[in-house]
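Below is one structure, written out as structure tokens; comments come after it.
The values are calculated or read from the model by the stated rules, or taken from the named source; none is laboratory data. Computed from a predicted structure; not experimentally measured. With ideal geometry, Cβ positions are generated from the backbone for all residues, glycine too; neighbour counts draw on all protein chains shown. Note: accessible area is taken over every heavy atom of the protein model, side chains too, but ligands, DNA and RNA are not part of it. Shrake-Rupley method; radii C 1.70, N 1.55, O 1.52, S 1.80 Å.
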Amino acid sequence: MNNIMELELAGVVRYTHYSLMVYGFNRLPIVAWLKANANESLDHAHKAGELVTLLGGHPSLKIGALLETEQHDTGDILRESLQHEQTALAAYYKLLEITSGKSVLLEEYAREMIVQEELHLDEVNKMLRRPGDTAPFAA
């Protein structure tokens, strides 16, 4: 759970940074979307931290890995976001595997977060497509 909390806190930092680095005609809606993702990541980190304490643990003060590629084109930012969301999704699937049959609370939490992360992945994937492309984006 602490790993998930750290990943989500990294998302807060990452999306906040990205929101500051967007330039161009479409800046405002993209910045708003990135800020919303930062806020959602903070909510997810808080939820994970609450579960850490529910289980008798101590919430980590660490933040997950942060990648600074110095690439700030909107496409680069979205591709990095896609990678971050895939990492988070994998962590939630791992949690589901570990808790399966052991805790309905943690299983349902993992499932809920998997749904949200898969929707985020789909959203980013659609943003990376060229207008009119219906096939999923492939890096």
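Rolling a 1.4 angstrom probe over the range 1-97 with all protein chains present gives an accessible area of which 60% lies on carbon and sulfur atoms. Projecting the Cα atoms of Thr87, Val31, Met5 onto the charge dipole of the chain (Cβ charges, centred on the Cα centre) puts Val31 farthest toward the positive pole. FRET efficiency for the pair Asn2 and Asp76, taken as 1/(1 + (r/R0)^6) with r the Cβ-Cβ distance and R0 = 35 Å, rounds to 0.75. Does anyone have the angle between helix 104-128 and the longest principal axis of the chain? Alpha-carbon axes, 0 to 90°, nearest 10? Tilt of helix 104-128: around 10 degrees.
Ranking Gly101, Val52, Leu20 by Cα position along the charge dipole of the chain, where only Lys, Arg, Asp and Glu carry charges on their C-beta atoms, puts Leu20 farthest toward the positive end.
Taking the Cα centre of each part, how many Å lie between the range 9-66 and the range 82-139? Each part's Cα centre sits 15 Å from the other's. Placing +1 on the Cβ of every Lys and Arg and -1 on the Cβ of every Asp and Glu, with no other charges, gives the chain a dipole of roughly 120 debye about its Cα centre. Accessible area per residue for the chain, computed on protein heavy atoms with a 1.4 Å probe, is 59 Å². For Arg27, the shell of other residues with beta-carbons less than 13 Å away shows a net charge of 0, using +1 for Lys and Arg and -1 for Asp and Glu.
Arg14 sits among other residues whose Cβ lies under 11 Å from its own Cβ, and their net charge, with Lys and Arg +1 and Asp and Glu -1, is -4.
Close Lys pairs in the range 11-139, defined as Cα atoms under 20 Å apart and 8 or more places apart or on different chains, number 7.
Per-residue ellipticity at 222 nm, computed for the chain from helices alone with -39500 (n - 2.57) per DSSP H run of at least four residues, works out to -25000 deg cm²/dmol. Against the main long axis of the alpha-carbon atoms of the chain, helix 74-99 sits at an angle near 20°. Here the contact order of the chain, divided by its residue count and restricted to Cα pairs under 8 Å and six or more residues apart, works out to 26 percent. The angle separating the long axis of helix 2-20 from the principal Cα axis of greatest extent in the chain is about 20 degrees.
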